[in-house]
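Visitor: Take a look at this one; I'll ask things after.
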Amino acid sequence: MSFFSSPLDSPSFRLSWLAGLSKKMLGAGSKNELIDLIGDALSVPEPSGDQGVLEGLARLYSGQVGPVDSVFDQVDRVGRKGLPEVWVGDTSVLASEAVNAAGRAVTQMSEAFHGCSTVLLTLADAIGAAQRKDAQGRGQLLEQKKTLGGKDGFFDDLHENDEEEWDRKNAAHFGSYAVDLMHAAVSDAQEATRVAARDLNKWAAEARAGKMETSELSAVDKLMLADTGVAGADTELNEILTPGDLARASTRMDLLSLDDEMAMERMLAKSDNPQERAYLMKALAAGHSVAEIGKFQEKIHGKDPDWLRRHLTPVVTASDSMNDEGLGSDGSNNNKDFVTFDGQRWIQGGDGSEGTCVASSTVTSRAMVDPMYALDLTGGPDGQQDDPEAFKQRLVAEQHRLHTEGDGGENWGGMGPEGQERIDDDAIGSATGSDYQRQDLNSAADRRGVLTEVEKSVAQGRPVPVDVSGEKGAHAMTIIAQEGDMLQVYNPWGSTTWVSEDDFINGHMGKASDSDLPNAYSVYLPR
């Protein structure tokens, strides 16, 4: 057994290798050279994967939909009976709310099983088609190799008559076409695998209640925490606790001392609404101590869910935010949502005038993952303020603090990659438990290759900073969410919008800023 992998095991290497062989065949100067090139092409492994196994897995997932739907029918019957106002769970959850949450969880489970089945069937079809295309190319190569016959000896290779030249060029032409088929097969299989990984990662992230493995909370409590969204918005797009939050909060609950555990449960039970409970757990996930969370609850207790949303969740995603409304005169999407607090945007310099895009993106990203940090900015020292001008002053001061920490340029302009990585780690990574690492993107292939990691990260609730460049120079933004083949981008000019994977890959990121900044040239990935 070999413990060393061949470079040809990498799909990206196979693509470049086959592309090079196709060109070399057309330029082959001798029969022997062409035979060697055909041998090199035939040595490339076929696209991997077993279509039958994938179809079997798809049937397995599909077979779970019926039993799950029967569970939903039972939960729905209970929900329609009109439950009394009774409390359940360790943290005093209304029974009616728990049943409604269970109904939504079962619906999501059914959708996940059906969605995974569809993903696997699509992947199976794509792998099968790629393997057939690869086999067609290999068959053509073997045919040309047979036509050429054996290699010429030294003296035979010195001279080539017209008929031999015709045979060589004809074989080179069909051989190059055959290699192109194999190249297309690798490309098709690679893209199908990437899309399947993206969608399966997303469905896995949607299994939300299961992220909380702690034994310190009841099943009802965990279900309710996973199901709670911000007030007045589509819950599916705006859950307060991300999958990563749920997992980190669960881990931290298990590590608490007995006194801290009891204190945390008392705070959860004392909460006036599900949103307050969820924000307390989000603060725990962000790394705050139980004592700090106690002071945080004193500031937010008794506030209605709308107040909590405005002060603690900077970005709220509208249900129509993915509608295609065309482009404006500057090349950006018309469909943008402004990120505001009481009318004041979360924007660099407070009015868009400063070049603190890196620091400003980082401030908003931290506020998205840490509600205590968000309240410090929106509510001030006592957490009670509702003053947009005071918020603006605190926001700009914090942008300036991070800009200085990252060794940003004078006059609040520009920041180098080392500083950007450092403040990403300190501000965002400290709350999400991540170490951010820069990855350069020098081509469309690089951008395509990094998408799976980007999308898996944001599905878990870990923002991914992205740098773009163009005629205007450079700009920093943050990818904050993913739905299907769309990426949600926060621009520190004070707005969010959605771009497609194709936009990210092929230099159309101007849709999130303007047409002078089209190319994503680096991302910072949380590891």
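Visitor: Once amide H atoms are placed 1.01 Å from N in the peptide plane, what residues at a sequence separation of 5 or more from GLY229, or on another chain, have their amide H within under 5 Å of its amide H?
Guide: ILE240
Visitor: Next up: Using the charge dipole of the chain (Lys, Arg: +1 at Cβ; Asp, Glu: -1 at Cβ; taken about the Cα centre), state which of ASN32, ILE480, GLY328 has its Cα farthest towards the positive end.
Guide: Ranked along the dipole, the leading option is ILE480.
Visitor: Where does the chain land at 222 nm, in deg cm²/dmol rounded to the nearest 500, when only DSSP H runs of n ≥ 4 count, each adding -39500 (n - 2.57), divided by all residues?
Guide: After summing the helix terms and dividing by residue count, I get -18000 deg cm²/dmol.
Visitor: With a 1.4 Å probe and all protein chains kept in place, how much accessible area does ILE293 have, in Å² rounded to the nearest 10?
Guide: 0 Å²
Visitor: Okay, moving on. Taking the Cα centre of the chain as origin, work out the dipole magnitude from +1 charges on Lys and Arg Cβ and -1 charges on Asp and Glu Cβ, in debye rounded to 20.
Guide: 780 debye
Visitor: Using alpha-carbon pairs under 8 Å, 6+ residues apart, how would you state the relative contact order of the range 402-515 in percent?
Guide: Relative CO of the range 402-515 lands at 13 percent.
Visitor: Helix check for the chain. Which DSSP H runs span at least 20 Å along their own axis by Cα, with a mean Kyte-Doolittle hydropathy no less than 0.0?
Guide: Result, helices passing both filters: 11-26, 65-79.
Visitor: Among LYS23/LYS145; LYS24/LYS511; LYS295/LYS456; LYS222/LYS511, which pairs are too far apart, with a Cα-Cα distance over 28 Å?
Guide: LYS24/LYS511; LYS295/LYS456; LYS222/LYS511
Visitor: Something else now. Please label the shape of the range 359-458 as rounded, prolate or oblate, based on the square roots a ≥ b ≥ c of the eigenvalues of the alpha-carbon gyration tensor (a/c under 1.5 means rounded; beyond that, a/b larger than b/c means prolate, else oblate).
Guide: Verdict is prolate for the range 359-458.
Visitor: Can you tell me the length gained on complete extension of the stretch LEU142 to ASP125, counting 0.36 nm per residue apart and subtracting the Cα distance?
Guide: Stretched fully, the LEU142-ASP125 segment lengthens by 3.5 nm.
Visitor: Once Rh for the chain is found with the Kirkwood sum over Cα pairs, what is the Stokes-Einstein diffusion coefficient at 10 °C and 1.306 mPa s, in µm²/s?
Guide: Rounded, D is 61 µm²/s.
Visitor: Okay, moving on. Give the accessible surface of the chain per residue, rounded to a whole number of Å², with probe radius 1.4 Å and ligands, DNA and RNA excluded.
Guide: The answer is 45 Å² per residue.
Visitor: Take the alpha-carbon centre of the range 400-439, take the same for the range 189-203, and report the distance between them in whole Å.
Guide: 31 Å
Visitor: Could you check how much of the accessible area of the range 198-355 is carbon and sulfur, as a whole percent, using a 1.4 Å probe?
Guide: Answer for the range 198-355: carbon and sulfur cover 47 percent of the accessible area.
Visitor: Can you pull the percent of the range 431-495's accessible area that's carbon plus sulfur, 1.4 Å probe, other chains left in place?
Guide: 41 percent
Visitor: Might you work out the accessible area of THR193 for me, using a 1.4 Å probe with all protein chains in place, and round it to the nearest 10 Å²?
Guide: Accessible area, nearest 10 Å²: 70 Å².
Visitor: Note down the nm distance, to one decimal, between modelled labels 7 Å out along Cα→Cβ at GLU165 and at ASN273.
Guide: With each label placed 7 Å out from Cα toward Cβ, I get 8.5 nm.
Visitor: A further question on this structure: Within straight cross-link reach of LYS299, meaning Cα distance under 18 Å, which lysines are found once same-chain residues fewer than 8 apart are removed?
Guide: LYS270, LYS282
Visitor: Suppose a student asked you for the relative contact order of the chain, using Cα pairs under 8 Å spaced at least 6 residues apart; what percent would you report?
Guide: Relative contact order of the chain: 12 percent.
Visitor: Run the quick spin-label model on GLU389 and VAL53: label points 7 Å from Cα toward the beta carbon, then report their separation in nm to one decimal.
Guide: 6.7 nm
Visitor: From the square roots a ≥ b ≥ c of the eigenvalues of the alpha-carbon gyration tensor of the range 269-408, which class results: rounded (a/c under 1.5), prolate (a/b over b/c), or oblate?
Guide: oblate
Visitor: Taking the highest mean first, how do the peptides 294-303, 509-518, 480-489 order by number of other beta carbon atoms within 10 angstrom per residue?
Guide: Sorting 294-303, 509-518, 480-489 by mean packing, highest first, produces 509-518, 480-489, 294-303.
The values are calculated or read from the model by the stated rules, or taken from the named source; none is laboratory data. All figures in this text were calculated on a predicted structure; none of them were measured in a lab. Every residue, glycine as well, gets a Cβ built from its backbone with ideal geometry; the counts of neighbours run over all protein chains shown. Side chains included, ligands, DNA and RNA excluded: accessible areas come from the protein's heavy atoms. Shrake-Rupley method; radii C 1.70, N 1.55, O 1.52, S 1.80 Å.
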